[in-house]
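Since the structure comes first, as structure tokens, the remarks are kept for the end.
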Amino acid sequence: MAAPTARARSSIRLERRSEAIAAYALIAVPMILFLVLNIGSIFYALFISLWKWNVRSGPVDFKGLENYGTLLGDPIFLRAIQNSVYYTLVWVPLTMVIGLSLAVIVNQKIRGRTFFRAAFYFPAIASSAAITILWIFIVSPDGLFNTVRGAMGLNPLFELFGFGPNKNWIGDQDTALNSVIILNAWTTSGTFMLFYLASLQSIGNQVYEAAAIDGATAWQTFRHVTLPLLRPGHYFVATVAVIGALQLFDQAAIAGGIAGDPNNALMTMVLYLYNAAFSRFDFGYAAAVGIALFVVIFGATLVQRRLFGQAPSW
Amino acid sequence: MRRLLVLAAAASLVAVACGGGTASPSPAETEGPGPSASPGETASTGWDPTAISGPAILSGWRSSPEEGEALTQALLGFPAQYPNIQVDYRPIAGDYRTVMITKISSGEVPDLFYVNAEYAQEWIDQGFLAPLDDYIAKSGFDTGQFFDGYASIFRGKDGKTYGFPKDGNTIAMAYNSTIVTSPPKTMDELVSAATALVGQSGLAAPICLNPGLDRGLAFLYAQGGSLVSDDGATEQISTDASRAAVQWYLDLFKNGIGKTAADLGSGWCGEALGKGQVAIAFEGGWVDPYMASTFPDIKYGWAEMPTGSSGSPVTISYTVSYSIGADSVNKDQAFVLLTYLAGKDGMEKWTAGGVALPSRRDVPIPAGKEVLAKGSDYARPGSGFMPGYVDVQKAFQDAFTAQIQGKTYDAGPVVDATRAAIDKALSQ
Amino acid sequence: MIGRAATSNRKGGAVAAELPVGDRGAIWRRRIAYAILIGYALLMFVPFAWSVITSFKTLPDSVRLTIIPQPFTLGGWEYAFTNLTPPLPRLFFNSAIIAVVVTITNLVFGSMAGYAFARLRFRGREVLFLIVLATLMIPDQLRLIPVYLLLNFLGLTKGVLQYAGVMLILAVSGTSIFLLRQYFLSIPREIEEAARMDGAGFFRTFWQVMLPLAGPALAAVAILQFQGTWNGYFWPLIILQDQDQYTLPVGLSQFRLAGGMGTNWPPLMATVVMATIPILILYLFFQRYFVEGIAASGVKG
């Protein structure tokens, strides 16, 4: 016979145990999926990347690190990295600036702010496939963009930059990637606006009141109060944006096909991976591309950590 | 015991040789047991296609809805002959090569499908296609009627046959007969006729041209250039003649005579011709059903490829095979369907649809295809004549596009890039 | 930062420096600012409006700058209806079944795991939650080859099982778990403890007390997940090799590549419109949840 206190202690222990069992049961399915499909995948990918692996018949030859050597020696892969990095360096700041500007605007007490917020987010609702096809149409030689600038008499201005009246923007090696950047800045700035809006609203009123008492102008307040306080927001948006940017695939694949035409202008790292798997028939090589992609993204995250300081405590 | 087995095998070999009915079957053709017959019974049971039953999935691309319609028409004659085989025709929309590779990698392939000459050797090497030799031997299907220029593309390095050419096509000149009244016969005439058309109202450019070897190869050959030597051992794109030919082709773009379909805002040159954006396009038979249905008001005619500096008529030909997937579970049905579609009757019905020319001697040339058929007398293969041709094409097209879009029009980098790709392909 | 619930969207809670009212300059500045804002907002709709207009045009008319189609035709829609592979109803069905199932699994597994991570104490909680967060950082494409081979091995890249393949990959996302965990953290403990006092077990507490309270967060996750899956391109493109199983985005992108379709704009725009309509309707009715769901995933920062 145990003493009452001991019985209470053991019932707490029992309670603890049943709590843990309940917890494991609740998280079991997602954790198994994550461990197999995410964590396990990395190791499996590492293994596959050491082989020549036929898409139909499986492993053919053990190649060691040869796939990685081939990869680094392929000018098209280097072009893919270059394109992805260029895209990231231009698209991320551009979209962040637009997103932040929109957020600041709809955070004002202005008439119709709900409408503006809904409108600015609107382009983000469509699928990448639909919107890319729509975009290809708009920037095609006879598309809306060219006809409107023609009708507005802007062609001489474009001529200065060497752009003819019927330019195929997304089919030209010099403007294809920039066309995709503008497309995605247009569709994604609304999402970034919402991210920033959440951050802006977490800034208390007091700081603004203090700034107002100090006689700061609107710009000064924004520059010296809002912007620094948004630091965690920047970190979050930038992280999400960079990871997304380095994974650019849908728009490039739809506009440029599996080869990233024209002349590899739309060949991105992920498109290269897809191409390696389903155009060169070598899963081993493709797995090596995936590992390389992971290394690049991981590196980019570390760089950002340096730029924006420690990650927020989530 | 072992001796008995050897004897049985030898007997079956002899039996196949006699029963097959082919003139001179080489031992290679009868090697190995068929997928559904053990060596001992091959000859005695024979091959009765009407007794074969079950489904067969047939896939291919559709260059236009009309092409799908033409194939459906051709298939109408099949159930009458082989009522026990249910054909399920599933055309593939989209990027055919990529879609097929995903199907192959998942193991769920159509039973019979198109294989473009362009990548046929690659797919044979990768083991994606089933060899047909056992079936040919068993069924006694006469392969002698195929033009060898087409049929040879689908033979592997192992000497086995991996598909029958389903049809052929040659590249010729399609011209808007309202604008061009007498089609040019030589490349010089083509240039002067086109130069006269530059700036004509309504025309975005006189000629729609392809920025790659897809059609450019015909011009390269016509102007005395080449990609590889006749024995296929060395590259020839860097010879002076080839370099000059590439430069000549680039100059068509430089002088505003030609534009690409993409720069015209069209999907392909046939569409540009149909829209009236250009007066001349270089295409094949697939233009006809497309124009009839999409642009019935445009009047156009066909003329042979103009002769170039080489002096003799030159063009290129294309072909596509019907092949059986290595992982097909309905190979017997697929082969019966193959012998129907690539046979005399099936091909005659198919080519009547106007998409392509027959690849068999015993099928008559359909009406309206006389010019294209004439070209097949002297055409050289437009693809599939060398290993790794997909990469060579890509290298050429990328470099060529860069020259057009960069407005530099220099053959040098195009030749260098193509040469590197050819050397790499030949060394593998 | 962590405790903020998905719905705590305090309208006008904090307003940056207001424009001074009264003097003429300011009024004009205000007017110009509004003009720019309205212009920019309209710019958001122009491409979509253009796709709707173009879908009712003929091919020659589609490249002209006319607002009213001349002539007005349903040809593009007819063409799209008759030539899409697989037919349009099938595309809708495929997209819907995948999006609905994936949304449900994310709600079920996301709320269960979110609750466990928010409230229950168990060994390895920190490490396991780190794994959840790590899945947000690992690029999806890294797992393309291994996951594809695994699904191949399981036979989930064949026939109708391809649906299951896509569903399995998307069954539960780290984002869903994360969002719901944050929401559960923001619910006062007392409510739950009262239920526990009454003798309810962990599952009953979760099911009868916590889940009903999480309604707004569940709605936000459901909307985001549905939209993301409906619009998803990468995994369906790779797993759904059989075109009978294509979703709308995949079918649409392949339709453009089909013979003679590259620049046949009216039917292409008709399919673009059709693919967008379901999400548009969802957006019109549940705009609040779109906005709040995304804002909530951003509150992380």
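The values are calculated or read from the model by the stated rules, or taken from the named source; none is laboratory data. A quick note: this is a predicted structure, and the numbers were derived from the prediction, not measured. Methodologically, a virtual Cβ is constructed for each residue, glycine included, from the backbone with ideal geometry; neighbour enumeration extends over all protein chains shown. Accessible surface areas use protein heavy atoms only, side chains included; no ligands, DNA or RNA. Shrake-Rupley method; radii C 1.70, N 1.55, O 1.52, S 1.80 Å.
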Which whole number of Å³ per residue matches the convex hull of the alpha-carbon atoms in region C:24-79? 81 Å³
1.4 Å probe accessible area per residue over region A:4-66, in Å²: 59 Å²
Once you've got the GNM for chain A with C-alpha springs shorter than 10 Å, pick whichever of A:Phe161, A:Phe278, A:Phe47 has the biggest mean-square fluctuation. A:Phe161
Would you list which lysines come within 29 Å of B:Lys344, measuring only between C-alpha atoms, while excluding same-chain residues fewer than 8 positions from it? B:Lys138, B:Lys157, B:Lys160, B:Lys166, B:Lys331, B:Lys369, B:Lys374
Taking every other residue with Cβ under 12 Å from the Cβ of B:Tyr340 and scoring Lys and Arg +1, Asp and Glu -1, one gets +1
For region B:70-109, what is Rg from Cα atoms divided by 2.2 N^0.38 Å, rounded to two decimals? 1.51
For a test of the definition: using alpha carbon positions, the gyration tensor, and the 1.5 limit on a/c, classify chain A as rounded, prolate or oblate. oblate
Rounded to two decimals, what is Rg over Rh for region B:134-239 when you use alpha-carbon atoms and the Kirkwood radius? 1.13
Counting only C-alpha contacts under 8 Å and six or more residues apart, can you give the relative contact order of region C:155-301 as a whole percent? 29 percent
When the helices in chain A are scored as -39500 (n - 2.57) per DSSP H run of 4 or longer and the sum is shared across all residues, what 222 nm value do you end up with, to the nearest 500 deg cm²/dmol? -21500 deg cm²/dmol
What accessible area, summed over both chains, is buried at the A-C interface (1.4 Å probe, Å², nearest 100)? 9400 Å²
Can you tell me the mean projection area, over all orientations, of the convex hull of region A:219-313's alpha carbons? Units nm², please. 8.4 nm²
Roughly how large, in nm² to one decimal, is the mean projection of the convex hull of the alpha-carbon atoms in region C:102-157? 5.2 nm²
Cα extents of region C:140-223 along the three principal axes, largest first (Å): 50, 23, 20
Restricting the count to DSSP beta bridges whose residues both fall in chain B, what percent are antiparallel, rounded to a multiple of 5? 60 percent
Determine the shielding of peptide C:275-282 by partner chains: average, over its residues, the number of Cβ atoms on other chains within 10 angstrom of each Cβ. 3
Under the Debye formula (equal points on every Cα, no solvent term), log10 I(q)/I(0) of chain B at q = 0.13 Å⁻¹: -1.15
When the Cα centres of region A:93-142 and region C:165-206 are compared, how far apart do they sit, in Å? 34 Å
Could you give the spread of the C-alpha atoms of chain C along their three principal axes, from largest to smallest, in whole angstroms? 73, 72, 33
Net charge of neighbours whose Cβ lies under 15 Å from the Cβ of A:Ile254, counting Lys and Arg as +1 and Asp and Glu as -1: -2
Computed curve, region B:231-384, Cα-only Debye sum without solvent term, log₁₀ I(q)/I(0) at 0.16 Å⁻¹, is -1.12
Mean separation of Cα pairs under 8 Å and 6+ residues apart, divided by the residue count of region B:320-380: what relative contact order is that in percent? 19 percent
In Å and whole numbers, how far do the C-alpha atoms of region B:367-424 stretch along each principal axis, longest first? 43, 28, 14
In Å², rounded to the nearest 100, what is the total accessible surface buried by chains B and C against each other with a 1.4 Å probe? 1800 Å²
How many Cβ atoms of partner chains, on average, are near each residue of C:163-173 if near means within 10 Å of its Cβ? 2
Output the Kirkwood hydrodynamic radius of region A:4-66, Cα pairs only, in Å rounded to one decimal. 15.6 Å
Give the carbon-plus-sulfur fraction of the accessible surface of the protein assembly as shown in %, rounded to a whole number; probe 1.4 Å, heavy atoms of protein chains only. 62 percent
Gaussian network model of chain B, springs between alpha carbon atoms under 10 Å - residue of B:Gly258, B:Gly168, B:Gly107 with greatest fluctuation: B:Gly107
Debye sum, Cα scatterers, region B:250-310, no solvent: what log₁₀ I/I(0) at q = 0.19, 0.25, 0.26, 0.29 1/Å? -0.76, -1.15, -1.20, -1.33
Averaged over its residues, how many other protein chain Cβ atoms are within 10 Å of peptide B:400-406's Cβ atoms? 5
Just add up the charged neighbours of A:Arg16: K/R +1, D/E -1, any other residue whose Cβ is under 11 Å from the Cβ of A:Arg16. +3
At 1.4 Å probe size, with no ligands or nucleic acids counted, give the accessible surface of C:Ile53 in Å², nearest ten. 30 Å²
In what sequence, highest mean first, do A:180-193, C:62-75 appear when ranked by Cβ atoms within 10 angstrom? A:180-193, C:62-75
Rounded to the nearest 10 degrees, the helix B:389-405 long axis (Cα) sits at an angle to the longest Cα principal axis of chain B of 10 degrees
Choice from A:Ile21, A:Ile105, A:Ile243 showing the highest fluctuation, given a GNM over chain A with Cα pairs closer than 10 Å: A:Ile21
Need one number: convex hull volume per residue for the protein assembly as shown, Cα atoms only, in Å³. 216 Å³
Kirkwood-Stokes translational diffusion coefficient of region A:180-263, alpha-carbon pairs, 20 °C, 1.002 mPa s, µm²/s: 139 µm²/s
